Structure formats: C-alpha cells, structure tokens
Amino acid sequence: MTDTPISQSPVPQDLTGRPFFFCGIGGSGMLPLACILNARGAKIAGSDRSRDQGRSAEKFAWLEAQGIELFPQDGSGITSGDRVLVASAAIEDTVPEVARAKELGCLRASRAELLSALFNAAPTSIAIGGTSGKSTVTGMTGWIMDRAGTDPTIMNGAVMKNFVAPDIPFASARAGRGQVFVSEVDESDGSIALYQPSVAVLLNVTLDHKSMDELRILFGDFLAAADVAAVNADDAEALALLPRAKQALTFGIEQEKAQIGIVPGSIADGPTRQAATLIDRHDGSEYPLVLNVPGRHNLSNALAAIAACVAAGVAVGDAVAALASFTGLARRFDIVGISPSGIAVIDDFGHNPDKVRATLRTLRSHPGRVIAFFQPHGFGPLKQMGRELAQVFAEELEADDRVILCDPVYFGGTVDKSVGSTELAGWIAEAGKQAEHIPSRDGCGDRIVEIAQTGDRIVVMGARDDTLSTFAKGILDRVA
C-alpha cells in the first residue's frame, strides 16, 4: 500500500469499516477480490471503463445485484477521504478517480497489496505461481480443498465452472468461512514478492512479461518464502530453483523421480477428457486419475493441484478422487459448441507463447483443420514476445491451418504501438504458415465464417477482454 502498511487480519485493521472503491472493478483481478471483500462485510463501490463503453453489461448488473455500487469512471464515486482507492499501480494520475482520491487524501492500495494482506493472514495459504496454468491449477486446488471439507476462500482470474450457480454466474472467487486461502499470484508486475504462503506451487518459468533473469529471481524468492513448495520437475527452469525451497514436493509426468507422478504408458487421451494412473513415489501407491479436461498440460496441472493439496494435508487418494468431478474454467479450452456440420468452436485464454502452444498442441492431437483467431492482449506484450508467438504458431500448426489476427487490445492510455498484428502476421508467414491480419474483430469474424469448412476447429484466443466469449458464441451461431 502506498501510504499506510496493512496489518495482518481478515480485513486489515487500518481499513476495518472503511469503504473501498475499485477502479476497474470488472477486471479479472479486481472483480474476485471485490467479491471476497463484499462477502466479508466490507462496503464496496467501483467504476470501470468497460461499463461506461457499454461492454459486459450482464457482469456489471450482477455486481450491482450483490450490493456493490457502480459509478461512471469520472471521479464521482470518490466522495470522502476515508474511502480506500484500489487501483493498479500502472493507472495514470490523470484517471479521474486517482485525481479525486489524491485531492481528498484517500489511502490507495494496489490489488496485490490488498490481496496479499488477506492471503497472508490466512492460517493455511496456498499460492499458485508460474508463467502459465495458474488459473486452472487454482481452480483445481480450490475444488480439491472444497471437496476435502475445508470451506476455502479462492481467488482466481477465471470463472470456475464448479462454483457457478444461477445466482453466481461469475464465479472467479469463492468466499469461504474456513482457514484455507487459495490464490494465484502474479509475477508480471513483481507483486508475487508480497506473498508469504504456507504452500507455494511453481508450475513453470517461461518468457512472458519479464526477462528470464528477472523471473528466476522472483520465483526463487517465492519458493524461499514458503513453508513448503510444490515444484514442477518437468520444467527445467522450475526444477533449477528447487534448492531455494525450505521443504519441497515435486510433481511431473516425464520426470521419473517426481514424487507425485504418472505411471509410464498409462495415459489415455481423448478430445474432451483423459485418464492416467498416478503414482505416489513416497510409498509406491497408485491411483486411477480421470480428468474431464483435455490436453497433456492439464494432466500436469492436475499433478500440481494434487501436490499442492497433499502439501496442505489432504490425502493423495482424496485429491485424485476430487478431480474426477472438476469441470474446468471458462475460457480455458472451453468448448462453446459444435455446429450441425461438425465445426467446433473453442474459447481459450491463450495469449503468451506457452499457453498458445498448449492450446494448439491439444487441438493438433486430434483430426481436423485448425482456424486460430488471435487477439493480442496489448502492444507491449506483443513487442516483448511477438517473435516467440510467431514461432509457436509456425511450429504447432499444419500447412492447411490458418491464423487470423485482429489488432491488439487497446482501451486507451499511452502505449508504444511500434509492433502490432501486421508484424506478427508477417513473422508467421515468414516461418511458412498462413496468417492474415484484419484490423477489426468483426472483419475477422466475417473471414472465419467465410473460410470455415466441415470438421474445422475454430479457436478464439486472447486475454484482457471478456467480450471474446461473446465473439466466439457469435461465430458458432454463424457457421453452418
């Protein structure tokens, strides 16, 4: 927090009874935190540029139904100096809420500062870290802990289908009454350093928002801060950080010495589900593992969640059994539907090289042409990882597959636009695969519908934009 340190209590002591105002309350990180605080009795209000622009109306109506007051993003919601402004550190001082909060002398906290205070106060805290897979593993871990009867609080960046109900359509958070807090933690802004977990899970260390040298330091310190760490032995960079852990439990599919592993030759893959035999190498016991989500990366995610829960005291067999009823996350290889002619549409969060590779590899493991629509999640990330993304598309797609690109996400503000989707399409083409850049998303949709054929799999990929799910459903409605 920028002014006053947060003390350790269910709601930090210096904030007890004070109203919170979330700038960008509809964001994937802000919304679940606001919901958890609201469920704990705090007074919550907020604003969001998307609401002002008329996007995601259903989500904002649901927030209002929870008793959360919403305002235009014009500063009108900041009415007194006792209100705590929750805003990203990257938000400019020119944003009306920030300017008004400064004028009134309001305390300001970042999302990570507030979340870490709540998380660190929990008697048992499980932090899920890594470049890719965090949301899925958080959902799996939360579901196992729920089935184990711990009544956990879960903070996620994606909607967890297991917790969706008619009155909870946007279940990216669960406000439990138990002593367990499960949360994904973010390395992209360095805020992972704020967390002091009982259990730290490290999934992988790959290029995303920061350099590899920076990531090695952040993730190494993350492991060192935990009582016990669960580390992916299949990821060389993660495994190299194992000596930083005080106490560790390893998991992995390929690594034969991983303590939570898979019996060689036992994996059975399907288009929408998979099965394998898990082995606990502590005692050699084996368990039948069934997952209702596809892809080898999700098998690795399942091992990570099992290891996390075992480190927190859950029996291996109980953790394995719980995952048989795990139904997945929204926008994580989310099959929107299949048209009458057999064209499948998949909605997916893939946005960095690792995530895109995992999604494309899952698609390519079964027959059919792939049409990959990709909306870059910003100009900055595209400049950082554009060539790596192009290489992934080139390596994972076949000659007949297509990549359709629209312009990167841009919601305003100052940004370097020197690298865009035109460059990405060119790099993919240089590597020998078919790619088209059509600036508008609507134009991309028209092109996809035009070229779609019986048996195609159309995957909609991108982050930071809830309306991608609506776009995917619209394509399904239009293909024959």
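Miscellaneous remarks
- Taking amide H as placed 1.01 Å from N in the peptide plane, ALA171 has its amide H under 5 Å from the amide H of MET160, each at least 5 places away in sequence or on another chain.
- Segment 96-163: translational diffusion in µm²/s, Stokes-Einstein, Kirkwood Rh over Cα pairs, 25 °C, 0.890 mPa s: 172
- Given LYS43/LYS473; LYS134/LYS161; LYS383/LYS473; LYS355/LYS473; LYS43/LYS102, the pairs whose alpha carbons are separated by over 25 Å: LYS43/LYS473; LYS383/LYS473
- Taking θ as phi - 60° and the Karplus parameters 6.51, -1.76 and 1.60, the scalar couplings of segment 302-312 work out to 5, 4, 4, 5, 4, 4, 4, 6, 4, 4, 8 Hz in sequence order, x denoting glycine and proline.
- Segment 80-156, relative contact order in percent, only Cα pairs under 8 angstrom and at least six apart counted: 23
- The chain, Rg to Rh (Cα coordinates; Rh as Kirkwood inverse mean 1/r): 0.95
- Cα-Cα separations in segment 146-241 greater than 18 Å, expressed as whole percent: 54
- For segment 329-387, the C-alpha radius of gyration divided by 2.2 N^0.38 Å, with N the number of residues, is 1.24.
- 1.4 Å probe accessible area per residue over the chain, in Å²: 39
- Net charge of the neighbourhood of ALA39, taken over other residues with C-beta under 14 Å away and scored Lys/Arg +1, Asp/Glu -1, is +2.
- Note on GLU430 and ARG40: their simple-model spin labels are 4.9 nm apart, each label 7 Å out from Cα toward Cβ.
- Inter-label distance, nm, simple model (7 Å from Cα along the C-beta direction), ASP269/LEU104: 5.5
- Accessible surface of the chain [probe 1.4 Å, protein heavy atoms]: carbon and sulfur percent: 50
- The HN-Hα couplings worked out from phi for segment 144-149 by the Karplus form 6.51 cos²θ - 1.76 cosθ + 1.60 (θ = phi - 60°) are 4, 5, 5, 5, 7, x Hz, whole numbers, x standing for Gly and Pro.
- Gyration tensor verdict on segment 175-221 (Cα atoms; rounded if a/c is under 1.5, prolate if a/b is larger than b/c, oblate otherwise): prolate
- Around ARG364: net Lys/Arg minus Asp/Glu count, Cβ-Cβ under 9 Å: -2
- Per-residue ellipticity at 222 nm computed for the chain from its helices equals -10000 deg cm²/dmol, with DSSP H segments shorter than 4 residues left out and the rest contributing -39,500 (n - 2.57).
- Over all other residues within a Cβ to Cβ distance under 13 Å of VAL419, the charged ones net out to -1, with Lys and Arg as +1 and Asp and Glu as -1.
- Pairwise label distance in nanometres, ASP227 with ASP52, each label 7 Å out on the Cα-Cβ vector: 4.5
- Cα-based shape type of segment 251-396, given that a ≥ b ≥ c are square roots of the gyration tensor eigenvalues and the cut on a/c is 1.5: prolate
- Volume in Å³ per residue [convex hull over Cα atoms, computed for segment 327-480]: 101
- Global form of segment 117-200, assessed from the alpha-carbon gyration tensor, a/c cut-off 1.5: oblate
- Euclidean distance between Cα centres, segment 347-386 to segment 42-87, Å: 32
- 3J(HN,Hα) from dihedral phi, segment 42-59, Karplus parametrisation 6.51/-1.76/1.60, rounded to Hz, x for glycine, proline: 6, 8, 10, 9, x, 9, 7, 4, 4, 5, 5, 8, x, 9, 6, 4, 4, 5
The values are calculated or read from the model by the stated rules, or taken from the named source; none is laboratory data. Model, not experiment: these values are computed from the prediction. With ideal geometry, Cβ positions are generated from the backbone for all residues, glycine too; neighbour counts draw on all protein chains shown. Side chains are part of the model used for accessible areas, which takes the heavy atoms of the whole protein and leaves out ligands, DNA and RNA. Shrake-Rupley method; radii C 1.70, N 1.55, O 1.52, S 1.80 Å.
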